[in-house]
Amino acid sequence: MADPSSYRPQPGQVPDSPGVYRFRDEHRRVIYVGKAKSLRQRLANYFQDVAGLHPRTATMVTTAASVEWTVVSTEVEALQLEYSWIKEYDPRFNVKYRDDKSYPSLAVTLNEEYPRVQVMRGPKKKGVRYFGPYAHAWAIRETVDLMLRVFPVRTCSAGVFKRSAQIGRPCLLGYIGKCSAPCVGRVTPEEHRELAEDFCDFMAGRTGAYLSRLEREMHLAAEDMEYEKAARLRDDIGALRRAMEKNAVVLADATDADLIAVAEDELEAAVQIFHVRGGRVRGQRGWVTDKVEAVDTTGLVEHALQQLYGEEKGEAVPKEVLVPALPEDTPALGQWLAERRGSQVSLRIPQRGDKKALMETVHRNAQQSLALHKTKRASDLTTRSRALEEIAEALELDGAPLRIECFDISHLQGDDVVASMVVFEDGLARKSEYRRFQVKGRVGDTQVWHGEGQDDVRSMHEVVSRRFRRYLLEKSRTGEWDPQDGEDGLPEDDGKPKRFAYPPQLVVVDGGQPQVAAARRALDELGIDDVAVCGLAKRLEEVWVPGEDDPVVLPRTSEGLYLLQRVRDEAHRFAIQYQRSKRGKRLKSGPLDEVPGLGESRKRALVKHFGSVKKLRQATIDQICEVPGIGRKTAETVAAALAGAVPAGPAVNTATGEIIEDENPAPAGASSERGTEQ
């Protein structure tokens, strides 16, 4: 741990102006980002007596090794810069909300020629209009099913749409009147887009004028004795009213607002948001977070506003945002929201009436969400803690291995040798840290072996050496280690989490004594003695440690053994996946793949023009130049590459033994003859 006084700025060095500050650890990784109206006053709070700081703040300042700051002109600029840096650096001591579930939204793809209505999850796409999010996908589908009667917008996938256009016959929805069938030209693209825009207007809450228009048309049809048309309009109105009833009126004045409520305890907090449009609840979502920094309700609200509206613009930001407590920088936040919306946004606490009653409902939802999360997590945390303690006790470690890395080697009879590295932190998989390796048969600049054949031991030694050599290169920035053996330096540090920056407490290898010894030897050669190593052999699920003749046998019911099995199986799965993809690419490759600068389009053009690679090999340079997009230099390169490639053997009819002549044209997408040419 660092002493905060060792990196405290000199008196008068910190400016008394708005800005954003960053704390970095000894590896130059950004661990905390904050903003302040006065950098001098805010930073002074961090460098008082550590015993008087909040425990989480004390942990942060003792983990940090330096602090730096950036001066800005206004508090709004500070807010924007803080949000950008938190998103970029992902600091470990900043509050980060995570969705307690993946909420679906109703999306209208206005960026397509024929807009489509569908259920979407995940990040928002440009040019798509979203409504929601909703608690359940089935609720969206029920609403859409009712509205398609009035707004028969396309809902089919691109494949179904293309197929219907080819055969000239619409799908079932086109026959029953729930799709205007633009695929077969029943409506023009302009008419279909108008339907989609009417659908969006209705979903956005502009329902009164549309229903009034339908009612007038119904009455006029009845007066003209067009009773079938009047009955159809009556049914349309009923369908729209039933769709509206699914979102009950909660605010009588047709308000557009987001209501945010927070439920918290000492360790965690839950945030619930109700999206109200046109006085009706159009969506709901929730977040849960660990309170890794000393933060109160106002700070949680500020972080929630940043995450909720940081990527939104226009009408996605409502006119009114109701919160349980106003953040410290309310004017700056209000201005920031107004800039994102393009008009004034009211940020306030509801005091009375329907809005206060609805806020109480949102708060109850937040409390239930926090209680449910803690109920789910309690047993999970207990189990994971017990598993880590059992591993530490069995391997005689100084503490629980909070970060475990597992390595596995995969190949097919010695070909396409690859390795995987998976990472578990606090007993949970951290997939963003997973890494893949192609085994090269060398360590540093030294060629150790040829990199082929079934030698898992040397492969394991190489991969572990490469991984921890990168770790030592990261440490070299702090002067803790001096890189040798001619390794290249790394680019200038930017504070982002690096690929191999964090060392594990435990390295697990898939295998027995030989693999464990190879991993230990790799660490010893690099001078790393603070990382434990063990191996898990598949046959009897025995745990092997370096230098021991007998394995460590964990009980079959042990949570520690179960965690090691999960780590090992995940590494095996990840390695197999990479090895199969690598092998598949090799099997599909052909001599044209070796030609530099020849892309897929020109390869297809060559094979399509000549019919097969065999005939292309027999062609002259002038004949190759006749292919559109192929110049003389490229033609010479292609001819040279094919002349140096070994032709594949002739195809043989296994029933008669006859050699089959290659007279049939190859498919347009083929890049080789029968079999693989190398």
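The values are calculated or read from the model by the stated rules, or taken from the named source; none is laboratory data. Predicted model, so just to flag it, every value in this text is computed and none were measured. Positions of Cβ are generated from backbone atoms using ideal geometry, with glycine treated the same way; all protein chains shown enter the neighbour counts. For the accessible areas, the whole protein counts, side chains as well, though only heavy atoms, and no ligand, DNA or RNA atoms are used. Shrake-Rupley method; radii C 1.70, N 1.55, O 1.52, S 1.80 Å.
Roll a 1.4 Å probe over the protein heavy atoms and report the accessible area of Ser385 in Å², nearest 10.
Ignoring ligands and nucleic acids, Ser385 comes out at about 50 Å².
If packing is taken as the average number of other Cβ atoms within 10 Å across a peptide's residues, how do 216-226, 107-117 rank, most packed first?
107-117, 216-226
Mind ranking Ser612, Ser66, Ser5 by accessible surface for me, highest first, 1.4 Å probe?
Putting Ser612, Ser66, Ser5 in descending order of accessible area: Ser5, Ser66, Ser612.
Work out from phi, with θ = phi - 60° and the Karplus expression 6.51 cos²θ - 1.76 cosθ + 1.60, the ³J(HN,Hα) of each residue of the stretch 607-621, listed in order in whole Hz, and give x for Gly and Pro.
For the stretch 607-621, the Karplus curve yields 5, 5, 5, 9, x, 6, 5, 4, 6, 5, 5, 7, 6, 7, 5 Hz.
Once you have the Cα-Cα distance between Glu339 and Glu226, take 0.36 nm times their residue separation minus that, and quote the gain in nm to one decimal.
35.5 nm
Go through Trp544, Trp138, Trp336 and list them by solvent-accessible area, largest first, probe radius 1.4 Å.
Result, largest first: Trp138, Trp544, Trp336.
Could you give the length gained on full extension between Gln367 and Tyr175, defined as 0.36 nm per residue of separation minus the Cα-Cα distance, in nm?
64.3 nm
Just the number please: accessible area per residue for the stretch 112-207, 1.4 Å probe, all protein chains included, in Å².
53 Å²
Give the residue list of GluC sites (Glu not before Pro) in the stretch 313-400 that are DSSP loop and have at most 10 other beta-carbon atoms within 10 angstrom.
Glu396
Can you give the accessible area of Arg583 in Å² (nearest 10), computed on protein heavy atoms with a 1.4 Å probe?
My reading of the accessible area for Arg583 is about 60 Å².
Of Lys126/Lys162; Lys126/Lys291; Lys87/Lys431; Lys124/Lys582, which ones are farther than 28 Å apart at the Cα?
Pairs exceeding the cut-off: Lys126/Lys291; Lys124/Lys582.
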